[in-house]
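Below is one structure, written out as structure tokens; comments come after it.
The values are calculated or read from the model by the stated rules, or taken from the named source; none is laboratory data. The model shown is predicted, which means the values in this text are computed figures rather than measured ones. Backbone-built Cβ (ideal geometry, glycine too); neighbour counts: all protein chains shown.
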Amino acid sequence: MKILCAVPNRDFDPTEASVPWRRLKDEGHTFTFATPDGTKAAADPHMITGEGLDPWGFLPGLERVALMGRVLRADCAALAAYALMERDAAFARPIRYDALDPAEYDAVLLPGGHWARGMRTYLESEVLQRFVAGCFERDMPIGAICHGVLLAARSVRPSTGKSALYGRKTTALTWRQERFAAGIGRVVRFWDPDYYRTYTEHPGEAVGYRSVQAEVTRALASDEDFLEPDPAHPNFREQTDNRLRDSETDGRPAFVVRDGWYVSARWPGDAHTFAATLATVLREYAATQRVEAD
């Protein structure tokens, strides 16, 4: 199947893009990448090296000494996947957002990221939003993780005039997670305290009003359609422990929501389970297409 992965020119999260890419490519799917201007993208460098994620990270010469940064950056599995993706021919030759046509693809992958310097060109692109809305109109498999869900929420379906996520169940980066990360950011990057928040509140707005969870929820048919880990779930402790990430062999920390052909997840710590769920959706979708063709 042909999968379109949209990313900004820079600052997307390496885990959220490369882990699903590797899983789906290994299953035989082909990828096209898209950026705003068709030039090769680059992930958030801090999430690759860990540099700049310690209180001395602004000092020339010392910024390369990463302590907390080694904990906060992508893990080894994600770094290995990203290194492979960077060398992939499709990643090296993306197309422009304005060249995208939903009819040319079978599925869409929308990764996230948080650093506003690069991510806003992705989240605020009206051209990309129209493409995403068109993909929802075609009811094709779509996977969105973290801020990728925010892009989907901002995409308005022509047939309804409402968000593409209106009437859907979804998750995304939760306010609990975003607030926790912002607290860390104010310490490790005190000179750039909003590194972990793409959008911050305007004067007079309630704390968290510009968070991913709050904006996505405002686009839904009901507040109850935004899902978070259930305290009654046996893996609730792992799912809400911000120190834990899932892996190919351990999905306990992950929280992923599936609604039809749409799959959503919260953050890099869900990436392996998100990828596996999306792979299942693609297999099921392909089976239905074969049945309809017969």
| note | Per the filter on region 222-237, residues of a type in the set (D, E, K, R), within 22 Å of the chain's Cα centre (by Cα) and surrounded by 10 or more Cβ atoms within 10 Å (Cβ to Cβ) are Asp225, Glu228, Asp230
| said: Against the condition over 24 Å from Arg243 (Cα atoms) and either in a loop (DSSP other than H, G, I, E, B) or of a type outside the set (Gly, Ala, Ser) (or both), how does Asp192 come out, does it pass? | reply: no
| Search result, residues across region 236-294 that are outside any loop (DSSP other than H, G, I, E, B), in contact (Cβ under 8 Å) with a residue 12 or more places away in the chain and over 22 Å from Arg138 (Cα atoms) | Glu238, Gln239, Val256, Pro268, Gly269, Asp270, Ala271, His272, Thr273, Ala276
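Yes or no: region 53-67 includes at least one residue that is assigned to a helix (DSSP H, G or I), aliphatic (A, V, I, L, M) and in contact (Cβ under 8 Å) with a residue 40 or more places away in the chain.
First, the residues of region 53-67 that are assigned to a helix (DSSP H, G or I): none.
Among the residues of region 53-67, not one is assigned to a helix (DSSP H, G or I), aliphatic (A, V, I, L, M) and in contact (Cβ under 8 Å) with a residue 40 or more places away in the chain, which makes the answer no.
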| remark: Picking from Ala74, Ala80, the residue that is surrounded by fewer than 24 Cβ atoms within 10 Å (Cβ to Cβ), within 20 Å of the chain's Cα centre (by Cα) and either touching a residue at least 40 places away in the same chain (Cβ under 8 Å) or within 28 Å of Asp106 (Cα to Cα) (or both) would be Ala80
| remark: Picked from region 125-159 (must be over 15 Å from Leu4 (Cα atoms), in contact with a Lys or Arg (Cβ under 8 Å, 6 or more places away or on another chain) and free of Cβ contacts under 8 Å to residues at least 60 places away in the same chain), the residue surrounded by the fewest Cβ atoms within 10 Å (Cβ to Cβ) is Glu137
| note | Here the residues within region 11-30 that are crowded, with 20+ Cβ neighbours inside 10 Å and in a strand (DSSP E or B) are Asp11, Phe12
| remark: All-but-one check, Gly113 against (1) surrounded by fewer than 21 Cβ atoms within 10 Å (Cβ to Cβ); (2) touching a His at 6+ places or on another chain (Cβ under 7 Å), failing number (1)
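Yes/no per residue for (1) hydroxyl-bearing (Ser, Thr, Tyr); (2) modelled with pLDDT under 95:
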position: Ala219; (1), (2): no, no
position: Leu227; (1), (2): no, no
position: Pro234; (1), (2): no, no
position: Arg245; (1), (2): no, no
position: Tyr262; (1), (2): yes, no
position: Ala275; (1), (2): no, no
position: Arg283; (1), (2): no, no
position: Thr288; (1), (2): yes, yes
position: Ala293; (1), (2): no, yes
